[in-house]
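The values are calculated or read from the model by the stated rules, or taken from the named source; none is laboratory data. Treat the numbers as computed from the prediction; the structure is a model and nothing was measured. Cβ coordinates were reconstructed from backbone atoms using ideal geometry, including for glycine residues, and neighbour counts include every protein chain displayed. Areas reflect the complete protein model, heavy atoms only, side chains present, ligands, DNA and RNA absent. Shrake-Rupley method; radii C 1.70, N 1.55, O 1.52, S 1.80 Å.
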Amino acid sequence: MASPRASAPPPEIPEQNCRYREVQYWDQRYLNAADCAPYEWFGDFSSFRSLLEPELRREDRILVLGCGNSALSYELFLGGFPDVTSVDYSSVVVAAMQARYAHVPTLRWETMDVRALDFPSGSFDVVLEKGTLDALLAGERDPWNVSSEGVHTVDQVLSEVSRVLVHGGRFISLTSAAPHFRIRHYAQARYGWSLRHATYGSSFHFHLYIMQKGRELTMAQLAVGTQILSPPRPPTTPCFLQDSDHEDFLSAIQL
């Protein structure tokens, strides 16, 4: 078992949301990660376990993107899914996680950019991400009109996810982004997958998207996917997120 950790102090919030996209920010934030309790974006494992576990098989090769210092990978191991590889582009947090879970040799931790994964095609049965895309899009000024850079960044990640998945593999994304913001990114025929959506949480609903490679999107979903080039109209009245997570960008944008 992992040794108890001190309570995590409030994370240092960047002055500008765009800093969430910078590896330097995360390196600084995770300097003491080995000595602090995990920080969980969008709920801990128990909050979405009932939705996630039916999508997994014991023998699955699982890849966790942008793992940070979340306990998700370890919770998967405890839940009976031993083959888990976790990547993050912060070498600082990867080193911390390697040290924290050195007693679990089947958990692997690697420094890697999710936009250019260093794995052969078809290496994984499941790819998970929790908040990674949200962080990469945090600097967007207008959630209704994502910049070409933002669209390209998401496409880089999703293209890599599709590449490393086997036929029949699942990509599972946990996020604060509601369907009218996120489905347009996922619903692209070139990724070669289907798409389902569920919500979890009590006072505030987070979103869980499940893509299965080798299946097809519906015509309605493909139509939504065209909104990448023609963004949807914003609502007539402002819509603000209210959530217990104190990270600034979560209460300011929906992507």
Measure off, as a whole percent, the carbon and sulfur share of the 1.4 Å-probe accessible area of segment 80-122, all protein chains present.
-> 56
Given a 1.4 Å probe, the accessible area of segment 112-175 per residue, as a whole number of Å², is 33
At what distance in angstrom do the alpha carbon centres of segment 192-208 and segment 121-187 lie from each other?
-> 13
Largest-first principal axis extents of the Cα set of segment 33-228 (Å) = 48, 35, 35
Highest to lowest packing among 192-199, 213-220, scored as the average C-beta count within 10 Å | 192-199, 213-220
Heavy-atom accessible area with a 1.4 angstrom probe orders Val92, Val87, most exposed first, as Val92, Val87
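Order Asp113, Asp118 by their accessible area, 1.4 angstrom probe, all chains in place, largest first.
Values: Asp113 50, Asp118 120 Å².
Accessible-area ranking of Asp113, Asp118, largest first: Asp118, Asp113.
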